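Just below is one structure, and these are the notes that go with it.
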Amino acid sequence: LIAGIIASPITSSGMSATPISQMIESRLRSALWGMFSGDALAAPTHWYYGGFPQVQSDYGRAGITGYTRPVTDLPGSILNKSDPDGGGRRSFSLKLGNKRGENIHIIGDVINHGKLKYWDPKKSVHYHATLQAGENTLEMQIARVLMRSIVACKGRFDDDHFRKAYVDFMTTEGSHNDTYASTCHRMFFANMIFHKRDPKNCPDNDGHNVDTIDGLILPSVTALAETARQLSISGNDSLDVSEASRREIQTASARTAAVTRSSNVLNNASEVWANLVSAALVTPISQGRKENEMEKPLREAAKKLGLRNPQPNRSDQMSACYLSQSLPPTLDMLSKYSQPSSLNGGVDIWKALIVNANIGGENVHRGAVLGAILGARVGDENLPQMLKSGLYERDVLEKEIDLFVDAVMQKTKNHSKTTAKEL
């Protein structure tokens, strides 16, 4: 097995001198870079339901061609209709306090400090107006919190540790720069602040805006970590993931989703998605063959989710955030862009993420999960430099990725007679 995927593909025909751990490490890195890139590229055009013409109206004839700072004003934005003190939409007055008569708002005072002015019902502000070019949205910032938690817990997911890290991060002024926070976060902290609930009992669901594709981002990170960890503790120098290990990966991923959201639908989807992420990490690319090795895992995922088979020849589609609407076109894009001819030595992951950014709709969180799986298929050594170089805080991200990989790969590296210190 060789560390590359395109230039030096992994073959299913036998072992090479390069340890399996180096290949997994490469794919872990590229999956995480893919997530950060897919999210940041699409931030300027998030929820542009006017499609490419609307993208062009704000960003020029070519649309999004690289990391771009979001515009400030966005006609048609529903940020001004969103409830800063809970789930969904609700009008409010900046002067009269919140709907409970208290002079405190979840947005502005508890989380997303200083951002309440952008939610003013008299304004029409972009959801990510305060981000810089290449800067990640809140959900990927929370993914970084999860990565650091997994590092602190020696490579494994711990519910209590992550929950505390999440609360600390969200309630610390200046911890991130995003304007928007989704319904699940607003409901979580409304329950904690207004209803005095223990954080374990704060995840909630408004029946509409929680069972959404952004809920798959955190489980994707845990699936990457737990797959690597399960391979390391198996004691076998192979890419085979046992049924027991697969179940551990699924369970840890669903538990991750449950820290911030109360959703059986999302928990089930997280388990299926975890299998897909794991498959992207360990499935070989056979040298000289045209078949897409990801086609079988993609079809299995669609079946378990009760969806039609992925259609790689279908044109790339815009979607809303709800799982039932967002997952079919996401699986289509994965089927299309994970084909060996589409991976093209790593160059076309950038193309796929740029395409996603220019589609509009719910493209930010779709970009992150697309980036995770496509990145895992490419390998770090094959990623185009522009994918990394334009990211905001690129050097900090690289250090966090290195620490994450070292944590989840520790035993695998030892098994391959390569220590973290030597790397």
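What is the calculated FRET efficiency for K351 to K81, with r their C-beta to C-beta distance and R₀ = 41 Å, to the nearest 0.05?
Plugging the Cβ-Cβ distance into 1/(1 + (r/R0)^6) gives 0.75.
Which FRET efficiency value, to the nearest 0.05, is calculated for K154 and K296 with the Förster distance at 35 angstrom and r the Cβ-Cβ distance?
Once the sixth-power term is evaluated, E becomes 0.60.
Among N292, I193, A244, which residue has its Cα positioned farthest towards the positive end of the charge dipole of the range 182-338, with +1 placed on the Cβ of Lys and Arg, -1 on the Cβ of Asp and Glu, and the dipole taken about the Cα centre?
Most positive-ward Cα: I193.
Between N309 and D73, what length in nm is gained on full extension when 0.36 nm per residue of separation is reduced by their alpha carbon distance?
Length gained between N309 and D73: 81.1 nm.
Measure nothing fancy, just the Cα-based angle from helix 394-415's long axis to the longest principal axis of the chain, in degrees from 0 to 90, nearest 10.
Relative to the chain, helix 394-415 is tipped by roughly 40 degrees.
Round to the nearest 10 and give me the degree value, 0 to 90, for the angle of helix 183-193's Cα axis relative to the longest principal axis of the chain.
The answer is roughly 60 degrees.
Principal axes first, then extents: for the Cα atoms of the range 221-281, list largest minus smallest coordinate on each axis, whole Å, largest first.
38, 18, 17
Where Rh is the Kirkwood radius over the Cα pairs of the chain, the temperature 4 °C and the viscosity 1.567 mPa s, what D in µm²/s does Stokes-Einstein return?
Reported coefficient: 60 µm²/s.
Relative to the longest principal Cα axis of the chain, at what angle does helix 323-337 sit, 0 to 90 degrees, rounded to 10?
Relative to the chain, helix 323-337 is tipped by roughly 40 degrees.
Which whole-number percent of Cα pairs in the range 258-374 have a distance greater than 16 Å?
Taking all Cα-Cα pairs of the range 258-374, the fraction more than 16 Å apart is 60 percent.
Hey, got the dipole for the range 184-343? About the Cα centre, +1 on K and R Cβ, -1 on D and E Cβ, debye to the nearest 20?
Rounded to the nearest 20 debye, it is 200 debye.
Provide the per residue accessible area, probe 1.4 Å, for the chain, rounded to a whole number of square angstrom.
Per-residue accessible area for the chain comes out at 39 Å².
FRET efficiency for M386 and K196, Cβ-Cβ distance as r, R0 = 60 Å, nearest 0.05?
The pair M386/K196 has a calculated efficiency of 0.80.
For every helix of n ≥ 4 consecutive DSSP H residues, a contribution of -39,500 (n - 2.57) applies; sum these over the chain, divide by its total residues, and give [θ] at 222 nm rounded to the nearest 500 deg cm²/dmol.
It comes out at -16000 deg cm²/dmol, rounded to the nearest 500.
Can you give the charge dipole size of the chain about its Cα centre, rounded to the nearest 20 debye, using +1 on the beta carbon of Lys and Arg and -1 on the beta carbon of Asp and Glu?
Dipole size: approximately 460 debye.
Ranking request for peptides 64-71, 246-253: highest mean number of other beta-carbon atoms within 10 Å first, then the rest in descending order.
246-253, 64-71
Please report, as a whole percent, how much of the solvent-accessible surface of the range 263-317 comes from carbon and sulfur atoms (probe radius 1.4 Å).
45
Could you look at the range 208-261 and say what percent of its accessible area is carbon and sulfur, using a 1.4 Å probe and all protein chains?
44
If each of D316 and D240 carries a label point 7 Å out from its Cα toward its Cβ, how far apart are those two points in nm?
3.9
Report the relative contact order of the chain, percent, no decimals, based on alpha-carbon pairs under 8 angstrom and at least 6 residues apart.
29
Considering only Cα-Cα distances, which of the following residue pairs are longer than 32 Å: K115/K154; K81/K196; K200/K304; K115/K200; K81/K399; K303/K388?
Those over the limit are K115/K154; K81/K399; K303/K388.
The values are calculated or read from the model by the stated rules, or taken from the named source; none is laboratory data. Since we're looking at a predicted model, the values are computed, not measured. When we count neighbours, we look across all protein chains shown, and the Cβ atoms used for this are built from the backbone with ideal geometry, even at glycine. Quick note on the areas: whole protein, heavy atoms, side chains included, nothing else; ligands and nucleic acids left out. Shrake-Rupley method; radii C 1.70, N 1.55, O 1.52, S 1.80 Å.
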